[in-house]
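Q: I have a structure here, written as structure tokens, and I will follow up with some questions on it.
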Amino acid sequence: MPETTPSAAEAAPPAQSPPARVPWAAYTGVYLLLFLIGTETFLVSPLLPTIAGSVGVSVAAAASTVTAYTLVYALTAPFLGAVSDRFGRRPTILAGTLLFLLGNALAAVAGNLTVLVVARVVGALGAALAGPSIWAHIAETAPAPVRGRAVGLGMALFSAGQVLGVPAGSFLAGWGGWRASFWALTALTAASAPLLLAQIERRPKDGAAGGAAPLRFTAVFSVWRDGVLRHTLIVVFLLQAANLGAYTFLGSALHDRFGLSVNELGLLGILVGAGSALGSLVAGRIGDRARERGSGDAVWIPVWCLVLGGAAVLAALGATSLLAYAAVLVWFFASGAFGTLVQTLLVSSRPDLGATSSSWNSATLYAGTAVGVAAAGAFAHADTGTAVVGGGLAVLAGLTALPLVGRLRPAGAQGSGESAAPEGPGGPESGKSAAPEEPAPEGTSRAGAVGEGSAKGAVTDGRA
């Protein structure tokens, strides 16, 4: 028979789809709000003396505004996260944004300490309602191949806001008084509102009522009944005890060892912010590539723990101040990388508990910090406490994370050749989230660390 020549269309190799990209423009509203929530965290710190004089109280009394904000956020975030998982992301993000705006506006006009504390409580409720919902929203809507990068940029902006909050508050207070800082937050929050309205699409769960299952108090603790999520949060607790507990005394350690001035110690804040932001961005990219290869990104959890611990010891005991500064940069690079990796894992592993998991991540961070500060403060010398707590607890966190790596190992890495996807109650193809009261079986491979496209609501067409 005569040979036939294949047509050009038949001979050409199959066309490859273009690489997925993070739809940055679809997240400008939530990214701006994350930056503002981060800024709010430490905005008041440099303003305390000015606020105290303005409302006629002591600096210690004015500091209650900081305590009120952090306590309310830590205590209410898990409950408000469950509200988001029940009613959807759009209504909770918008409601949280409104409360955050009202809280800052009320603080700007507060005439006494009581009103200012109430304003800070309202602002904290707004941040606790919107923040976890934002992380869940990003994980659910970012294209799976770039989900880590989308979360990483959010973490970088949140960290940048925390670092910039102190100088921004000082600058605005010097220009227009302490109230100008809160007016600026109010205006920027208002600017984010139309972006949020346009960019966060209404989804079937949003505003669900009537026939849907009622919100139960026990849903708040569903995260702790899930073996993988519980294990992850224990690692977070240990690592943050090492991280922020040790950092609390680092300034004192460097002052005692090298006689650094207040201005010289101020460089630490810049290094912390730069390291955290860079680590967040790099970890998001590393995680995406690891999942694309089918190897999973969970293996990086103990790596970042050990890097952080080693850098903390070097920062506290290094021979020169230059070496200590370099170690701080590496320390918080690892801290930012760990934060991005864990946040991506928590909100992607069980999409039906995304906001609740994220809120428990914040609450566990605060709890770990408190324990770490108490442990480091028990040492007679600040450098010893920083080294022992920062290094020792970080190593313990890394060792605790090792079994988690095995639990999250993709099926492809175990010889099956394909990445595993989490199964809901209806099986891997059901596409439906499990009810909060029925956690996925322990040991099941999870979306956040094993494969692509398994987070509920994820899209692959580049649109949020």
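The values are calculated or read from the model by the stated rules, or taken from the named source; none is laboratory data. Because the structure is a prediction, the values reported are computed rather than measured. Cβ coordinates were reconstructed from backbone atoms using ideal geometry, including for glycine residues, and neighbour counts include every protein chain displayed. All accessible areas refer to the heavy atoms of the entire protein, side chains included, with ligands and DNA or RNA removed. Shrake-Rupley method; radii C 1.70, N 1.55, O 1.52, S 1.80 Å.
Q: Please find, within the range 290-302, the residue that is surrounded by the fewest Cβ atoms within 10 Å (Cβ to Cβ) out of those that are in contact (Cβ under 8 Å) with a residue 12 or more places away in the chain and either under 15 Å from Gly251 (Cα atoms) or not small (Gly, Ala, Ser) (or both).
A: Going through the qualifying residues, I end up with Glu292.
Q: Within the range 186-195, identify whether any single residue is farther than 25 Å from Gly275 by Cβ, more than 19 Å from the chain's Cα centre (by Cα) and open to solvent by less than 10 Å² (accessible area, probe 1.4 Å), and answer yes or no.
A: Taking every residue of the range 186-195 in turn, at least one turns out to be farther than 25 Å from Gly275 by Cβ, more than 19 Å from the chain's Cα centre (by Cα) and open to solvent by less than 10 Å² (accessible area, probe 1.4 Å).
Q: Restrict the check to the range 5-17 and report whether at least one residue is at pLDDT below 85 and under 22 Å from Arg285 (Cα atoms).
A: Within the range 5-17 (the criterion being at pLDDT below 85 and under 22 Å from Arg285 (Cα atoms)), the answer is yes, since at least one residue qualifies.
Q: Here is a list of conditions, (1) part of a helix (DSSP H, G or I); (2) open to solvent by less than 50 Å² (accessible area, probe 1.4 Å); (3) closer than 15 Å to Thr386 by Cβ, and His255 meets all of them except one; can you say which number that is?
A: With respect to (1) part of a helix (DSSP H, G or I); (2) open to solvent by less than 50 Å² (accessible area, probe 1.4 Å); (3) closer than 15 Å to Thr386 by Cβ, His255 is out only on (2).
Q: Within the range 40-65, how many residues turn out to be part of a helix (DSSP H, G or I) and either hydrophobic (A, V, I, L, M, F, W, C) or open to solvent by less than 10 Å² (accessible area, probe 1.4 Å) (or both)?
A: Residues flagged as part of a helix (DSSP H, G or I) and either hydrophobic (A, V, I, L, M, F, W, C) or open to solvent by less than 10 Å² (accessible area, probe 1.4 Å) (or both) within the range 40-65 amount to 13.
Q: Continuing with this model, one more query. Among the residues that make up the range 326-344, is at least one of them more than 25 Å from Val235 (Cα to Cα) and either surrounded by fewer than 17 Cβ atoms within 10 Å (Cβ to Cβ) or touching a helix residue (DSSP H, G or I) at 6+ places or on another chain (Cβ under 6 Å) (or both)?
A: yes
Q: Still on this structure: Can you tell me which residues in the range 97-145 are aliphatic (A, V, I, L, M) and crowded, with 24+ Cβ neighbours inside 10 Å?
A: Ala107, Leu116, Ala124, Ala127, Ala128, Leu129, Ala130, Ile134, Ala136, Ile138, Ala139, Ala142
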